[in-house]
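Read the structure below first, then the notes.
Just so it is clear, none of the values below were taken in a lab; they were calculated from the coordinates. Please read all numbers here as calculations on a predicted model, not as lab measurements. Cβ placement follows ideal geometry from the backbone for every residue including glycine, while neighbour counts extend to all protein chains displayed.
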Amino acid sequence: MRQNERAPSLGEVAEKLGRDRSNILYHLKNIERMGLLVRTGGHRGVRLVSKSSKIIPLLGVVACGEPITILEEIEENVQIPENMISDGYAHYALRAKGDSMIGVGIFDGDILVIRKQPDVQDGDIAVIATDEPPFEAVTLKRAFHKKKSLLLKPENDELEPYVVKKGDVRGKLVGVIRSL
């Protein structure tokens, strides 16, 4: 990969090793399951995982604005720095959509690393589900607990905080990854 600045195709690997393409694909899938590489699509879509990083699923889009419905299906896997992972917790990623959190440096298209947990401290940035399943929508905001509701505060001076009576915490923001 370093010599040509790109990954070899399955056909090139099979030819070089004198193996069948299906055999190469079988081993690539096993190496991916071990967390040593990520397949990114296309016939050269392979990226090595550094030893100081982890792979987590990207589950879709989260609104940084009005709540939107998401389907929790794995779109792809993303590589994140190991220091964003907390032992004992599951983690997942969401892609930011909107501008309600620009005041804390979260922009449209950023990858958000979320620690899955059922509650957060007042002032934490969290993924909050509103409405009832299967029509629930999610948003990313600072969360503050009230007696029987949650106050959701955007980080954009042009937007106002609002209260949701049925807010369900789905996780806490622990990291942001941006592609330039």
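Numbers for the structure displayed
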item: Subset of Lys97/Lys166; Lys29/Lys153; Lys97/Lys148 violating a 31 Å alpha-carbon distance limit; result: Lys29/Lys153
item: Amide H contacts under 5 Å for Val78, placed H, 5+ residues apart; result: Ile56, Leu58
item: Net charge dipole size for the stretch 139-180 [Lys, Arg +1 and Asp, Glu -1 on Cβ; Debye, nearest 20]; result: 380 debye
